[in-house]
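Structure first, then comments.
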Amino acid sequence: MTVKFGLLGAGRIGKVHAKAISANADAELVAVADAFADAANAIASAYGCAVRTVEEIEKADDIDAVVICTPTDTHADLIERFALAGKAIFCEKPIDLDLTRVRSCLKVVEETGATLMVGFNRRFDPHFGAVRAAIDEGRIGDVEMVQITSRDPGPPPAGYIKSSGGILRDMTIHDFDMARFLLGEEPDTVFATASVLVDPEIGALGDHDSVSLVLTTASGKHCAISNSRRATYGYDQRIEVHGSRGAVSAENQRPVSIEVATVEGYTRPPLHDFFMTRYTEAYAAEMAAFIAAVSGGRPAAPTGEDGLKALALAEASYRSLAEGRAVKMSEVM
């Protein structure tokens, strides 16, 4: 079965998914919709698809699934709309910035029986996946401690900050999902601290650019997360899992993995500059998993429930920041 796609949103992440769909032999990008004609036309020209409106994609008989890459405040409405239209849905995170709205959206998905997958692409990264495999194989014993480092090379524009929902809902949400993926247990308690160290304008907009968190499970396992909107040396993406019998880690990746040794010392090339190149393989594997789910070969995951739980961790973290204390997940769920 060839899964025929409609792409909603032709921005930066839309281009990433258009490439992943078009490179997959089991998929076809049929149409793209975007409020900006130039953006839609660019993808249509690059991949030979049509430019249509959202309404046309919704009613189209030649489209099986949609990929939602539009602004966050449109996600929940579009998920409901296409669930009712009988389309399979891949949606970029988060589903919404409000937990109540996410719950009501997921109820529609359940009632319609729609296929929904949420875009936590890092689960599909081959390096992070190998860490999870080492855990599953028992090579490091029981998981005890997880460390996640995620630092962007620079802050986004002010306009993006205003609509992002804050660093914890926008950036850290990926790390919340990865913490759940690696711990193997649901976090029970969250403690967060945050500052504005990179750009005062971010603080003026009510957000933070430097965040540290500790997530603890009921059994005592914990995960430490370090986030920054500034890494002068490149896109910093590392994880380490310590267990009862050893540890496993995934180091930063580089476009070219070489090391030069001279009398002056050892040098290596720079890191990837951002997520578009660092996670190319992950995006391709993620889309392949969704295509398999639409074709009936496997369940769709990460699920809407995964999206809900990651957002709930963000909500608990914001409460922790506001009240200066550890927050139980039961307080927000």
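Read-outs throughout are calculated quantities, based only on the coordinates presented, and are distinct from any laboratory measurement. Everything numeric in this text was worked out from a predicted model, so none of it was measured. Here the Cβ positions follow ideal geometry from the backbone for every residue, glycine too, while neighbour counts run over all protein chains shown.
Quick notes on this structure:
- ³J(HN,Hα), Karplus 6.51/-1.76/1.60, whole Hz, each residue of segment 14-21, x for Gly, Pro: x, 5, 4, 6, 4, 5, 5, 5
- Options 291, 263, 20, ranked by Cα towards positive dipole end of the chain, top entry (Cβ charges): 263
- Helix axis angle, 126-136 relative to the chain longest principal axis, alpha carbon, degrees: 60 degrees
- Euclidean distance between Cα centres, segment 33-99 to segment 297-333, Å: 26 Å
- Farthest toward the positive end of the dipole of the chain, out of 157, 43, 63, is the Cα of 157, where the dipole comes from beta carbon charges about the Cα centre.
- Amide H contacts of residue 32 (H built 1.01 Å from N, in plane; Pro and chain starts excluded): 7, 50, 51, 52 sit under 5 Å, all sequence-distant by 5 or more or on other chains.
- Computed from phi, the 3J(HN,Hα) profile of segment 46-63 under the Karplus parametrisation 6.51, -1.76, 1.60 (θ = phi - 60°) reads 6, 10, x, 9, 8, 9, 9, 7, 4, 4, 5, 5, 4, 8, 6, 7, 9, 10 Hz, with x in place of Gly and Pro.
- Identified option (computed mean projected area of the Cα convex hull in nm²; candidates (i) 16.4; (ii) 18.7; (iii) 23.4): (ii)
- Relative exposure of 175, 38, judged by other C-beta atoms within 10 Å (fewest first): 38, 175
- By the count of other C-beta atoms within 10 Å, a proxy for reagent exposure, 61, 98, 177 are ordered fewest to most as 61, 98, 177.
- Cα centre as origin, Lys/Arg/Asp/Glu Cβ charges: the chain dipole, Debye: 380 debye
- Loop chymotrypsin sites (Phe, Trp or Tyr not before Pro), segment 28-123, which have at most 15 other Cβ atoms in a 10 Å radius of their Cβ (DSSP): 36
- The charge dipole of segment 169-307, taken about its Cα centre with unit charges on the Cβ of Lys, Arg, Asp and Glu (plus for the first two, minus for the last two), comes to roughly 320 debye.
- Separation of the residue 59 and residue 100 label points, Cα + 7 Å toward Cβ, nm: 3.4 nm
- Ordering 294, 263 by the number of other Cβ atoms within 10 Å of each residue's own Cβ, fewest first, gives 263, 294.
- Dipole magnitude (debye, nearest 20) for segment 3-114, charges at Cβ of Lys, Arg, Asp, Glu: 280 debye
- DSSP-defined beta bridges in the chain - what % are antiparallel, rounded to 5: 55 percent
- HN-Hα J in Hz across segment 243-256 - Karplus 6.51, -1.76, 1.60, θ = phi - 60°, x for Gly and Pro: x, 5, 10, x, 9, 9, 9, 10, 7, 4, 9, 10, x, 10
- Selection among 250, 29, 79 by position relative to the dipole of the chain gives 250 as farthest towards the positive end (Cβ unit charges, Cα centre).
- Restricting the chymotrypsin sites (Phe, Trp or Tyr not before Pro) of segment 166-233 to loop positions (DSSP other than H, G, I, E, B) with no more than 13 neighbouring Cβ atoms within 10 Å leaves 233.
- Close amide H partners of residue 3, meaning residues 5 or more places away or on another chain with modelled amide H under 5 Å apart, are 27, 28.
- Of the trypsin sites (Lys or Arg not before Pro) in segment 135-190, those whose Cβ has at most 11 other Cβ within 10 Å and which sit in DSSP loop: none
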